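Below is one structure; the comments refer to it alone.
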Amino acid sequence: MIGKTIISLIPIVFIAHVIHFLGIFSASLEYQEKYSDCEYVQVKGFDSVGPEDSVFYNKDILIAMQVNLHKIFQIESLETAKKGGFYAVYGISTGKLEAKKIQIKNYPDNIIFIPHGIYLRDSNYLHVINHSFYSGGERVDTFKIQLDEKGEVTLEYLHYTQMDEKFNGITNDIAFLTAERFLISDWMVFPAPLSGPKDQPAWQKVVTMIIQTLKIKTTYVWDCTYVQGGLATCSKLRNSAGIMINGIAFDGKDTIAVADTADRQIKLFRLNNSNQEIDLIQNLSVDQLPDNITYDTVNKQFISAGLNSISEFLTLTPKIEKIQQNPTKKSIVDMEGRVHTIKLNPTTKQFESQLLFSSSKAVAGLSGALIDESQKYLFLNSFPDKSLVVCTRRS
């Protein structure tokens with residue numbers, strides 16, 4: 001009798017898991033007390049769709065990657081997909097924002113460039129995850145940042161390290177602890193085919209959905225050594241297992257924050273500078289699907305951004321053309337995104353999360369956020385929208 005009761009409860013439990021995983025009943029929230037008036041950063045003469053990730057080069061310049069990740073992973077074959085690049089936003093310190101395409105020097109013509117996570121190291125080097133698929137596998141490319149005679153950013157390609165084929169198409173974000181040591185996340189259960197994500201077998205997609213819905217932890221942070229021109233050596237970071245490990249941020253000193261998107265959780269790690277070991281110190285729950293994480297050096301805090309529900313993400317594909325061809329200055333699609341600050345409480349010695357911004361109108365597919373040095377601007381990244389979005393601090 002008890003066995004039959006338990007068996008009869010299995011479908012109910014599974015349905016409950018599905019509802020929670022999709023966030024179908026997640027409460028919407030509009031919170032723009034600190035930042036509002038969100039608009040696309042105006043760009044001319046080049047494709048700015050898909051600014052998934054960005055970094056500040058200095059107080060006046062922001063570097064954003066650009067690639068149509070949603071179409072590449074959900075809709076298009078690699079042969080029809082537009083390849084990626086970068087653009088810079090200038091004039092941040094003066095309030096006269098202007099976006100321009102960044103020239104890349106010496107990049108190999110035979111390697112497809114589909115950037116994902118990026119990391120600025122030592123103020124001069126940009127490390128970039130590149131899903132180059134059949135043209136070069138999974139790579140981490142390294143560029144040197146230079147300023148030309150006009151004070152504008154150019155990138156000079158230097159070298160790469162190859163990732164093992166088990167990472168193909170599924171590495172997501174990256175953080176360098178030294179010039180040779182980096183952390184990288186894999187966010188999906190199965191690697192993508194070399195021919196591109198569109199050719200992923202249907203059974204793998206179904207199994208992935210079941211695993212994520214049941215909250216089975218199959219993705220990790222990997223602790224890797226950069227081997228120039230060769231295969232990076234990587235091992236799983238202890239206690240980093242998650243359902244959908246995603247964004248990584250490093251404070252440059254001893255603290256690392258990692259997002260588990262599907263588990264609505266931020267993992268905090270401590271780097272022991274004496275022996276270089278990395279230990280999990282806290283699991284912090286948040287009321288968002290945390291995607292990318294950045295570190296705010298001015299306020300000594302991490303900034304986490306992401307969607308409110310997976311169910312909204314699943315409605316994205318039919319709207320993609322409307323989103324990316326929107327002729328107005330503001331987003332016209334309802335898709336809630338939330339930004340949280342994560343800061344250490346000096347009394348409790350625990351990290352705490354606080355809502356900074358929430359809106360269903362600001363941007364479609366929120367993936368990350370940055371606050372400039374003056375605190376005047378909140379920049380919002382996204383994986384499918386037509387451009388970077390900037391919100392202005394309320395007076």
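Here are a few things to note about the model shown:
Listed here are the residues, each with its yes/no results for (1) in a loop (DSSP other than H, G, I, E, B); (2) of a type in the set (A, V, I, L, M, F, W, C); (3) under 17 Å from ASP296 (Cα atoms); (4) more than 22 Å from the chain's Cα centre (by Cα).
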site: THR328; (1), (2), (3), (4): yes, no, no, yes
site: THR341; (1), (2), (3), (4): no, no, yes, no
site: SER353; (1), (2), (3), (4): no, no, yes, no
site: VAL363; (1), (2), (3), (4): yes, yes, no, no
site: SER367; (1), (2), (3), (4): no, no, yes, no
site: LEU370; (1), (2), (3), (4): no, yes, yes, no
site: VAL390; (1), (2), (3), (4): no, yes, yes, no
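- Pair list, Cβ under 9 Å, 6 or more apart: segment 115-127 residue over 18 Å from VAL227 (Cα atoms), other residue basic (Lys, Arg): ASN124/LYS144
- Some residue of segment 275-287 being in a loop (DSSP other than H, G, I, E, B), β-branched (Val, Ile, Thr) and closer than 30 Å to LYS198 by Cβ: no
- Residues that are surrounded by 19 or more Cβ atoms within 10 Å (Cβ to Cβ) and of a type in the set (Val, Ile, Thr), drawn from segment 332-360: VAL333, VAL339, ILE342
- Between LYS83, LYS150, LYS96, the distinction of being at pLDDT below 95, among the charged types (D, E, K, R) and surrounded by 14 or more Cβ atoms within 10 Å (Cβ to Cβ) belongs to LYS83 only.
- Residue satisfying all of: in segment 146-169; of a type in the set (D, E, K, R) and outside any strand (DSSP E or B); nearest to THR218 (Cα to Cα) among these: LYS166
- Some residue of segment 190-211 being modelled with pLDDT of 95 or more, surrounded by fewer than 22 Cβ atoms within 10 Å (Cβ to Cβ) and among the charged types (D, E, K, R): no
- Odd one out for GLU373, checked against (1) in contact (Cβ under 8 Å) with a residue 24 or more places away in the chain; (2) in contact with a strand residue (DSSP E or B) (Cβ under 7 Å, 6 or more places away or on another chain): (2)
- Count of residues meeting criterion [within 19 Å of GLU352 (Cβ to Cβ) and touching a Lys or Arg at 6+ places or on another chain (Cβ under 9 Å)] in segment 297-316: 7
- Residues of segment 292-326 satisfying the condition of being surrounded by 15 or more Cβ atoms within 10 Å (Cβ to Cβ), among the polar types (S, T, N, Q) and assigned to a helix (DSSP H, G or I): SER311, GLN324
- Subset of segment 57-79 [touching a helix residue (DSSP H, G or I) at 6+ places or on another chain (Cβ under 9 Å) and polar (S, T, N, Q)]: ASN68, GLN74, SER77
The values are calculated or read from the model by the stated rules, or taken from the named source; none is laboratory data. Keep in mind that this is a model prediction, so the values were computed, not measured. Note that we place each Cβ from the backbone using ideal geometry, even for glycine, and neighbour counts take in every protein chain shown.
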